[in-house]
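Each value in this text was obtained by applying a stated rule to the coordinates, not by laboratory testing. All figures in this text were calculated on a predicted structure; none of them were measured in a lab. Cβ sites come from the backbone with ideal geometry, for glycine too, and all protein chains shown count toward neighbours.
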Amino acid sequence: LRHFSSLFLQAHPACLILCLFAKKIQEILDEEKESNSAAFVNLAYRCAYTFRQTDYKGGCNGARIRFLPKADFPGNEGTSETIKKLQVVKDSFPEASWDDIIVLAG
């Protein structure tokens, strides 16, 4: 345990933040009676689905799935409810971007 603690303290700050994100998301999963795992994966997939290799636009950058018209695209039903469940993560880590929260949750 002592060895692990010293490694943890030497970790890069970004790694520590990532661990805290993951812990918060896991708390959401643990709180719900019905698992949100599939909903989180679907949200991340739908967010990334719009990426275009032709001009490298779209994808989850900016998390535009939260806004119209992408929120109303066929197949995106239910994503707004999933985003609401992740609001607690955004509230806990206001410096985090929505796209990072969505991708990590997925």
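Just one of Ala38, Ala14, Ala22, Ala71 is free of Cβ contacts under 8 Å to residues at least 24 places away in the same chain, aliphatic (A, V, I, L, M), over 17 Å from Lys84 (Cβ atoms) and part of a helix (DSSP H, G or I); which is it? None of the others qualify; the one that does is Ala14. Scanning segment 18-62 for residues that are at positive phi and either surrounded by 13 or more Cβ atoms within 10 Å (Cβ to Cβ) or within 11 Å of the chain's Cα centre (by Cα) (or both) turns up Gly58, Gly59, Gly62. For segment 74-96, the tally of residues that are surrounded by 12 or more Cβ atoms within 10 Å (Cβ to Cβ), in contact with a helix residue (DSSP H, G or I) (Cβ under 8 Å, 6 or more places away or on another chain) and outside any helix (DSSP H, G or I) stands at 5.
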